[in-house]
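Step one of this worksheet: look at the structure below.
The values are calculated or read from the model by the stated rules, or taken from the named source; none is laboratory data. None of the values given here were measured: they were computed from a predicted structure. Please note: Cβ atoms are built from the backbone with ideal geometry, for glycine as well, and neighbour counts cover all protein chains shown. In case anyone asks, the SASA skips ligands and DNA or RNA and just uses the protein heavy atoms, side chains included. Shrake-Rupley method; radii C 1.70, N 1.55, O 1.52, S 1.80 Å.
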Amino acid sequence: MGVNKRRTSLERLYHRYLENENTAAFVKGVSERYLMSTLARLACGGRPVLRRAATMAVGFIGDFSHNAILGQALIDHDRGVRLLADSGIRRLWRRDGNYRQQQKMALLCRHNQNGQFAEAIREATELIEEAPCFAEAWNQRAVAEFALKRFEGAANDCHQTLELNAYHFGAAVGMAHCYLQLDEPFAALENFRRALALNPDLEDIRGHVDLLERTLEGK
């Protein structure tokens, strides 16, 4: 009982979520008790369980303006914080722009998931023309372009994604794969390393780095 009394409200909500996985109740409880500025502060300091709770809350409640909070949490000393930041930031990247633009983003993501790459490129291009600073629109267009083997265009869109969102490890990975297809292994290695610096838990990318480093040693 003494331990529970010392828990903050946020920690109690977090532990309750771990027991029942009721996202709506967690979001409602946090929204009623905490400002985003407070969650941002808690995500950056304090004991690990509090950082985990705050990081998860930002992932559920925040929007793209809170990108840096989760971007910094990706390199937290605590693996639990890092994993929550990874899942949360991927959702956050789609919450830029206004409501209608977010709906267009959801549509073009479905196109990519369903293998409708020409439709995804069309939707992404329209969204980019309307909201050129929507980083995820550039990234989703890059995904579709890569699938259609338009590697130069995909690499350019990955680059633009990173210009707009410096925490976008996915775009760094995508650009690395583009450079591999374009037979530019040194550029690929540089971008794989960039992705790992942003998100150290990308274990499959660590394998790519190790392989490329061994391959390029004699060049």
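Placing +1 on the Cβ of every Lys and Arg and -1 on the Cβ of every Asp and Glu, with nothing else charged, gives the chain a dipole about its Cα centre of roughly 1260 debye. Within the accessible area of the chain, the carbon and sulfur atoms contribute 51%, probe 1.4 Å, all protein chains present.
The share of Cα pairs per 10 Å bin across the range 1-127, counted from zero up to the longest distance, runs 13, 37, 29, 16, 4, 1 percent. Computed from Cα atoms, the angle from the helix 185-198 axis to the main principal axis of the chain rounds to 10 degrees. Round to the nearest 10 and give me the degree value, 0 to 90, for the angle of helix 23-33's Cα axis relative to the longest principal axis of the chain. Taking the Cα atoms of the chain, the angle to 23-33 is about 60 degrees. Note on surface exposure: Thr8, Thr215, Thr55 rank Thr215, Thr8, Thr55 by accessible area, highest first, 1.4 Å probe.
In the chain, excluding the sites themselves, the longest stretch lacking any of the GluC sites (Glu not before Pro) that are in a DSSP loop with at most 15 other Cβ atoms within 10 Å is 22-216.
For the range 21-127, a simple Cβ point-charge model (Lys and Arg +1, Asp and Glu -1, everything else neutral) yields a dipole of about 220 debye relative to the Cα centre. Dipole orientation for the range 113-189: of the candidates Met175, Ala124, His159, Met175 has the Cα lying most toward the positive pole (charges on Cβ; Lys, Arg +1; Asp, Glu -1). Can you give the accessible area of Arg12 in Å² (nearest 10), computed on protein heavy atoms with a 1.4 Å probe? Accessible area of Arg12: about 90 Å². Need the C-alpha centroid separation for the range 27-51 versus the range 145-219, integer Å. With the range 27-51 and the range 145-219 each reduced to a Cα centre, they are spaced 33 Å.
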